[in-house]
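Here is the structure we will look at, set down as C-alpha cells.
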Amino acid sequence: MQDAKPILKILALLLVVLSLFMVPPVILLGLENDPDLWAFLKSMGLVAVVSITLLAWTWRTPVELKTRHMFILTTSSWAVISAFASLPMVLGAPQLSFTDAVFESVSAITTTGSTVLSGIENLSDGLKLWRGLMQWLGGIGIIVMAIAILPFLKVGGMRLFQTESSDWSDKVLPRAGGIAKASTLIYLGVTLAAILSYRLAGMGTLDAIVHAMSSVSTGGFANYDASFGIYHDRPLILWLGCLFMLGGALPFVLYIRLLRDSRGALWQDQQVRGLVTLLTLVIATLTLYRILAFSDAPFPALTNVAFNVISVVTTTGYASADYTQWGPLAVTTFFFITFIGGCSGSTSGGMKIFRFQIGGLLLANQLRYLVHPSGIFAQRYNGRPLNDEVVRAVIAFSFFFFLAVAVLSLALAALGLDMVTAVSGAATALANVGPGLGDTIGPAGNFASLPDAAKWLLSIGMLMGRLEILTVLVLLMPFFWRK
C-alpha cells in the first residue's frame with residue numbers, strides 16, 4: 001500500500017484539475033439558470049471529497065516514481081479521470097446509466113468520439129460544453145503523455161525521436177517538461193484560432209467553442225446528432241474543419257520548431273509528408289469516384305470527400321454525410337483508413353503514419369535481402385538510422401494492435417453483434433476514430449443500442465488504443481507484479 005501512495009497523490013491532483021474543468025459549465029449553467037447546474041455542483045463536490053481525502057493521506061509522501069509506477073499511473077489516471085468525468089451525465093438531464101455515462105466519458109477523454117447520446121442538440125449548454133472540454137482535456141493529455149511519459153516507458157511513437165542521443169529534443173528545448181509546456185501553449189493557441197475561425201464563418205458562440213475543442217483534439221464530438229452534417233451546405237465551415245483536424249494530427253513538437261525560425265520543419269518531417277501524400281491520394285481517388293459513379297458536382301464532391309477522409313484518417317470521427325452510402329469502394333476505403341491515424345506526438349489516435357512508413361522500409365529491405373543475401377542495407381528514417389529498439393517496438397505494437405482488434409471483434413460477436421458492427425466497432429475503438437460501419441454504429445447511428453457488456457469492452461478498447469496498447473497489456477503480465 002505504501003508503494004501506491006505516490007500514484008494516489010498524483011491521481012488526487014489530477015482530480016483537482018478535473019474539478020477545475022467543471023467550472024466553465026457551472027458558470028454557463030448558472031447564467032442560464034439551468035437545472036443541470038446542480039448535477040455539476042454535486043459532481044464537483046464528490047470529486048473534491050475524494051481528492052481532498054487522498055491528498056490528506058498522501059500529502060507528505062514524496063513523488064518518486066519508478067518504471068513500474070509509471071505504467072500503473074498511466075493506465076489508472078485515464079481510467080479514473082474517465083470514471084469521475086461521467087458524473088455530470090449520470091446526475092444531469094440525460095440521466096444516463098453508469099455504463100452509458102462511462103462509455104461517453106471514456107470516448108471523450110480518449111478523443112474517440114463514439115456516442116450513446118441522441119437528441120444532442122436538446123442537451124443543456126453546460127453538458128454540450130462539458131463534452132467538448134473532456135475531449136480538449138484528453139487531447140492535451142495525450143500530447144503530454146506522448147512526449148513526457150511514453151518514451152520513458154519505451155513505448156509510443158515519440159521513442160523514435162529519442163534515437164541518436166535525443167537530438168530531436170536538444171534542438172528544440174532541453175527537457176521533455178519544457179517541450180510539454182510549450183506544446184500546451186501551442187495547443188491553446190490553435191484552439192483559440194479555431195474558435196475565432198468557426199465564429200467568423202457563421203457558427204454560434206457555443207458551437208464554435210465546442211467544435212474548436214473537438215477539432216483540435218481530433219475528438220469528434222459535435223453539438224448535433226447529424227455531426228458536421230448540420231453544416232453540409234456551408235463549405236467554408238467544412239474546409240475550416242479539415243484545416244484544424246489536420247492541424248491536430250501533426251506533431252506538436254514541430255510547431256515549436258516552426259516558431260523557432262525553422263520554416264521547413266513541417267514539410268521536412270517524413271511523417272508529415274507521408275500523411276499529406278496519403279490524404280491527397282485517397283481524397284483524389286474518392287472524389288473522382290463520386291464524380292464518375294454518382295455524377296456529383298466536382299467542388300461539393302471534393303469538399304465532402306476531403307472532410308470525411310481527413311476526419312477518419314486523423315481519427316476525429318466527424319461526419320458531414322453518411323459515407324456508408326457512397327458505394328462499396330468508399331466503404332472499403334474508409335474501413336482501411338480507420339487504422340492509419342495521424343502523426344506521433346499529435347492528438348490523433350490510430351497506428352500512426354510512421355509505423356506504416358517503417359514497415360514499408362523493413363519490407364523493402366527484406367526484398368533486397370532476397371536478391372542480395374550478403375548485402376548490407378542501411379535503414380534510415382527522417383535522416384536518422386533506425387536502431388533495433390525502435391524496429392522491435394514498431395513490430396510489437398503492430399502485432400498486438402491487430403491481435404487486439406481480432407480478440408475484441410470475436411468478443412463483440414459472441415455478444416450477438418453482426419460481423420460488420422463487431423469488426424468495425426473493435427477497429428474504431430482501438431484506433432480511437434468514433435463511428436464504425438453499418439446501420440447501427442455507422443456515421444448515421446450511435447452506440448446506444450449495444451448491450452452493456454459490449455460498451456464495457458469497447459470502453460476498455462478505447463483506453464487501450466489511446467495508451468498505445470502495450471502500456472496496458474504489460475499490466476496483465478504476471479512478471480510485472482513480481483518484485
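The values are calculated or read from the model by the stated rules, or taken from the named source; none is laboratory data. Since this is a predicted model, take the numbers as computed values, not measurements. Glycine gets a Cβ as well: all are built from the backbone with ideal geometry, and neighbour counts include every protein chain shown. In case anyone asks, the SASA skips ligands and DNA or RNA and just uses the protein heavy atoms, side chains included. Shrake-Rupley method; radii C 1.70, N 1.55, O 1.52, S 1.80 Å.
A few points about this structure:
- Among 214-224, 94-104, the peptide with the highest mean count of other Cβ atoms within 10 Å heads the list, and the full ranking is 214-224, 94-104.
- Accessible area (Å², per residue) of the stretch 2-90, counting only protein heavy atoms and a probe of 1.4 Å: 50
- Estimated inter-spin distance, residue 49 and residue 277, nm [label 7 Å along Cα→Cβ]: 5.8
- Span-rule helices in the chain, defined as complete DSSP H runs reaching 30 Å or more along the axis (Cα) with Kyte mean at least 0.5: 36-58, 176-200, 270-294, 388-414
- Extension gain for the segment residue 20 to residue 376, taken as residue separation times 0.36 nm less the Cα-Cα distance, is 122.5 nm to one decimal.
- Near residue 326: Cβ cut-off under 11 Å, other residues only, Lys/Arg at +1 and Asp/Glu at -1. The net charge is -1.
- In this label model, residue 399 and residue 268 are separated by 3.6 nm, measuring between points 7 Å along each Cα→Cβ vector.
- Rolled with a 1.4 Å probe across the full set of protein chains, the surface gives residue 352 an accessible area near 20 Å².
- Heavy atoms of residue 10: accessible area, 1.4 Å probe, square angstrom to 10: 30
- Alpha carbon centroid spacing (whole Å) that separates the stretch 409-455 from the stretch 302-374: 20
- Among residues other than residue 6 with Cβ under 12 Å from its Cβ, the summed charge is +3 (Lys and Arg +1, Asp and Glu -1).
- Read-out Cα extents along the principal axes in Å, derived from the coordinates shown; its label in [x] 82, 48, 45; [y] 72, 64, 53; [z] 83, 66, 52: [y]
- The H on the amide N of residue 381, modeled in the peptide plane, is under 5 Å from the matching H of 386, each at least 5 residues off or on a different chain.
- Mean Cα-pair separation over length for the stretch 190-277, i.e. relative contact order, pairs under 8 Å, 6 or more apart, %: 21
- When each of 66/181; 42/128; 181/455 is checked by Cα-Cα distance, pairs over 26 Å: 181/455
- Residue list for the stretch 315-352, given a label point 7 angstrom along the Cα-to-Cβ vector of residue 410 and an amide N cut-off under 15 Å: none
- Apportionment of accessible area to carbon and sulfur, the chain, percent (1.4 Å): 67
- Sequence-separation-based contact order of the stretch 1-153, relative, with Cα cut under 8 Å and 6+ spacing, percent: 28
- Mean separation of Cα contacts under 8 Å (6+ apart) over length of the chain, as relative contact order %: 17
- Take residue 296: with every protein chain present and a 1.4 Å probe, its accessible area is about 40 Å².
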